[in-house]
1. Being crowded, with 19+ Cβ neighbours inside 10 Å, part of a helix (DSSP H, G or I) and aliphatic (A, V, I, L, M) is the filter here; which residues of the stretch 42-71 pass it?
2. Would you be able to say whether some residue in the stretch 55-66 is at pLDDT 95 or above, over 20 Å from Gly97 (Cα atoms) and of a type in the set (Gly, Ala, Ser)?
3. When the residues of the stretch 72-105 are narrowed to those that are charged (D, E, K, R) and either without any contact (Cβ under 8 Å) to a residue 12 or more places away in the chain or assigned to a helix (DSSP H, G or I) (or both), which ends up farthest from Ile48 (Cα to Cα)?
4. Condition first: closer than 10 Å to Phe34 by Cβ and small (Gly, Ala, Ser). Now tell me which residues in the stretch 49-89 satisfy that.
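The values are calculated or read from the model by the stated rules, or taken from the named source; none is laboratory data. Not measured: the values here are computed from a predicted model. As a convention, Cβ positions derive from the backbone with ideal geometry for all residues, glycine included, and neighbour counts pool all protein chains shown.
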Amino acid sequence: MRIVVRNLPVVFALLALVAPLAADSPPDTVCTTFQVEGMHCGGCSSTIIATLEKVDGVVEVSSDHEKGVAEAVYRPRKVDADELKAEIEKLGYTVTGMETEAVDG
């Protein structure tokens with residue numbers, strides 16, 4: 001099968017428009033670490049884990065009440081860190097900081 005493109009400049013112009021969109025797209029998964037105040041026991045950690053695991057787009061959650069940290073790996077096309085922060089704060093905890101990084105793979 002042979003394909004002939006007669007308007008090659010138009011094809012290149014379209015590719016030039018689309019290429020930056022692909023480069024600016026978010027990674028498939030990211031990990032956000034939340035600094036959480038108000039966790040006092042393993043039950044607090046379990047509550048945060050159970051709540052965030054129910055959010056569409058969340059892949060994995062961990063929480064450590066002793067360190068005051070919760071981590072969520074999620075798909076940023078479905079949910080963002082601010083939404084997850086809001087879910088934690090609905091439980092009565094205070095999120096004092098967040099740090100997000102891309103996850104390979």
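1. Across the stretch 42-71, the qualifying residues are Ile48, Leu52.
2. yes
3. Here is the first cut: in the stretch 72-105, the ones charged (D, E, K, R) are 75, 77-78, 80, 82-83, 85, 87, 89-90, 99, 101, 104.
Next cut, either without any contact (Cβ under 8 Å) to a residue 12 or more places away in the chain or assigned to a helix (DSSP H, G or I) (or both) only: 80, 82-83, 85, 87, 89-90, 104.
Working: Asp80: 16, Asp82: 15, Glu83: 13, Lys85: 10, Glu87: 8, Glu89: 10, Lys90: 10, Asp104: 24 Å.
Applying the filter and picking the extreme gives Asp104.
4. Of everything in the stretch 49-89, those that are closer than 10 Å to Phe34 by Cβ and small (Gly, Ala, Ser) turn out to be Ser63, Gly68, Ala70, Ala72, Ala81.
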